[in-house]
1. Looking at the range 453-464, is at least one residue of a type outside the set (Asp, Glu), in contact with a helix residue (DSSP H, G or I) (Cβ under 8 Å, 6 or more places away or on another chain) and surrounded by 22 or more Cβ atoms within 10 Å (Cβ to Cβ)?
2. Determine which single condition residue 477 fails, assuming it passes every other condition in (1) out of contact with any strand residue (DSSP E or B) (no Cβ under 6 Å at 6 or more places or on another chain); (2) farther than 21 Å from residue 279 by Cβ; (3) open to solvent by less than 50 Å² (accessible area, probe 1.4 Å); (4) of a type in the set (Gly, Ala, Ser).
3. Is there a residue in the range 300-318 that is part of a loop (DSSP other than H, G, I, E, B), open to solvent by 10 Å² or more (accessible area, probe 1.4 Å) and over 24 Å from residue 417 (Cα atoms)?
4. Give the residue that is modelled with the lowest pLDDT, with candidates limited to residues of the range 229-258 that are within 18 Å of residue 496 (Cα to Cα) and within 18 Å of the chain's Cα centre (by Cα).
5. Residue 287: of a type in the set (A, V, I, L, M), at pLDDT 95 or above, in contact with a helix residue (DSSP H, G or I) (Cβ under 8 Å, 6 or more places away or on another chain) and part of a strand (DSSP E or B), yes or no?
6. Of the residues that make up the range 124-139, is at least one more than 27 Å from the chain's Cα centre (by Cα) and either open to solvent by 10 Å² or more (accessible area, probe 1.4 Å) or on the phi > 0 side of the Ramachandran plot (or both)?
7. Given the condition in contact with a Ser or Thr (Cβ under 7 Å, 6 or more places away or on another chain), of a type outside the set (Phe, Trp, Tyr) and surrounded by fewer than 17 Cβ atoms within 10 Å (Cβ to Cβ), answer yes or no: does some residue in the range 480-487 qualify?
8. Report yes if residue 472 is assigned to a loop (DSSP other than H, G, I, E, B) and either modelled with pLDDT of 95 or more or surrounded by fewer than 23 Cβ atoms within 10 Å (Cβ to Cβ) (or both), otherwise no.
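The values are calculated or read from the model by the stated rules, or taken from the named source; none is laboratory data. Given the structure is predicted, the values throughout are model-derived calculations rather than measurements. Counting neighbours? That spans all protein chains shown, and the Cβs are built from the backbone with ideal geometry, glycine included. When the accessible area is computed, the model is the full protein with side chains, heavy atoms only, and any ligands, DNA or RNA have been set aside. Shrake-Rupley method; radii C 1.70, N 1.55, O 1.52, S 1.80 Å.
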Amino acid sequence: MSSPSPRPHLSRRALLGAAGLAATSGAALTACSSDADPAATTPTTGGTLRAAFAGGGADETIDPHRVNLFADAARAKAVYDKLADLGTDMAAVPRLAESWTPDADLTVWTVKLRQATFHDGSPVRAADVLYSYRRIADPDETFRAKQDLAPIDLDASKAIDDQTVEFVLKYPLAEFPNSLAAFGAYIVPEGAETFDAPIGSGPFTFVSFTPGSEFTAARFDDYWDGAPNIDRLQIVVADEESARINALLGGQVEYAHDLSATTARANEGNDAVTLIASPGSNMLGFAMKTDRAPFDKPEVRQAMFLLCDRDELVESVLSGRGQIGNDLYGLGFEHYAADIPQRERDLETATQLLAAAGVTSITLDTADVGSGFTEAAQIFAEQVREAGVEVEINERNADTYWADVLTEGQIASYRSGAMPIASHISQRLLTDSPTNLTQWHHADFDELYLKLQSTADDAERETLYQEIQQRLHDEGGYLVWGFADWIVGTLPGVQGVAQAPANTLDWARFDKVWMA
């Protein structure tokens, strides 16, 4: 790893007084706002952008195929590229891939690469693409995009020439471009094995990285999509949301990621901060382990669904800035099963189900790893207690929370950014999915998903999407209570930050940001 940066991890304690600094700097911040200066909308070059993200301690990574946290993804996005990324509608948008063309039966896809170079000056080639995908598909590894790339027969796939990849699939796949846009499916140079000093083809070149503390990168002037406006990007860790907003108000950072609705409401009239919200793009809920007591019984999961007062959670946790959920991922996305009736609270039925199942207590895992996490857990615990079930709230270590709850516990606070519904299924709900937090293991479900992916007819495929979601609504392990606005904050002098759901092309796209 690189040597530590002079700018340390931004803890809440270190930043408790930062809000007070805003009182002395507010005039200067207001003068930088785009309202005060019409010229601020014209991109300028130069400067360093400091962005505060929640982190993961020693588990943070700069290996682009191991990304899990939003901070990991933001760092990877700065240094690397994918063949495609997701637009706000969850449709694949070409990036390193200039085009993709299927054959008649959807089993062979030809991908043409655009002219792009790695940071060491070498061209991005078909061999680099195949190497990257084969690394992700390593059977001894659990890389995040592995399941999304599973349809590809990487032994049969080949480089036609340096700019052309022929992907041979194991079965017809109508939505193959979504695989190219999979979370973590970044392209690295052929032979790359260590990432202490990573080389990518993204808009910024690597400078330094200290897990749990900081990441610094510099403008890549030869970036294929145009050199970034800023000279340097620094991503610093501030686990608690209060630390991030205080760092922003205190001028210690120019960008604060993942702000709560409560913070947004409190700062709506504050000229010292600009809020950018993407409505309904962040799924919030609880994940029940379907392979262990008491949630191995479908009737117990049904009881949890029926105990949840979604309106209370949206109003209390999100300050009303969100929409209620219906225990399904992807509200408003393509293929979402909007015709399934909204589930309503039914305390009487839930109490009967739990009594019949003999459930008297549960342990709910949570941690301060996201806006409203612990508050939502406390509110839901009170709702469950109304059915006569005791709830112990287990506050886990924030640095290891996601790794811990993947395999441990009974039920855990959960959230997700945006991705295609197909990716949500493949990454989280198949028997061998790498992040199968609900431990949903059903061979017939796997087969149904494979059938969906192999169906070329749009109408038939849509019917299968609805069937899969109906089953998850009936007996799945995800209790989805709401969809929150995705909110980031900047100083008024920061321009070019897009309104975009997390994990999409324009999210954390710091190469398009400038300092007015």
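1. Within the range 453-464, one or more residues are of a type outside the set (Asp, Glu), in contact with a helix residue (DSSP H, G or I) (Cβ under 8 Å, 6 or more places away or on another chain) and surrounded by 22 or more Cβ atoms within 10 Å (Cβ to Cβ).
2. (1)
3. No, the conditions are met nowhere in the range 300-318.
4. Once the filter is applied, the top-ranked residue is 258.
5. Taking the combined requirement at face value, the residue satisfies it.
6. So far as the range 124-139 goes, yes, one or more of its residues are more than 27 Å from the chain's Cα centre (by Cα) and either open to solvent by 10 Å² or more (accessible area, probe 1.4 Å) or on the phi > 0 side of the Ramachandran plot (or both).
7. No, the range 480-487 contains no residue that is in contact with a Ser or Thr (Cβ under 7 Å, 6 or more places away or on another chain), of a type outside the set (Phe, Trp, Tyr) and surrounded by fewer than 17 Cβ atoms within 10 Å (Cβ to Cβ).
8. Answer is no for this residue.
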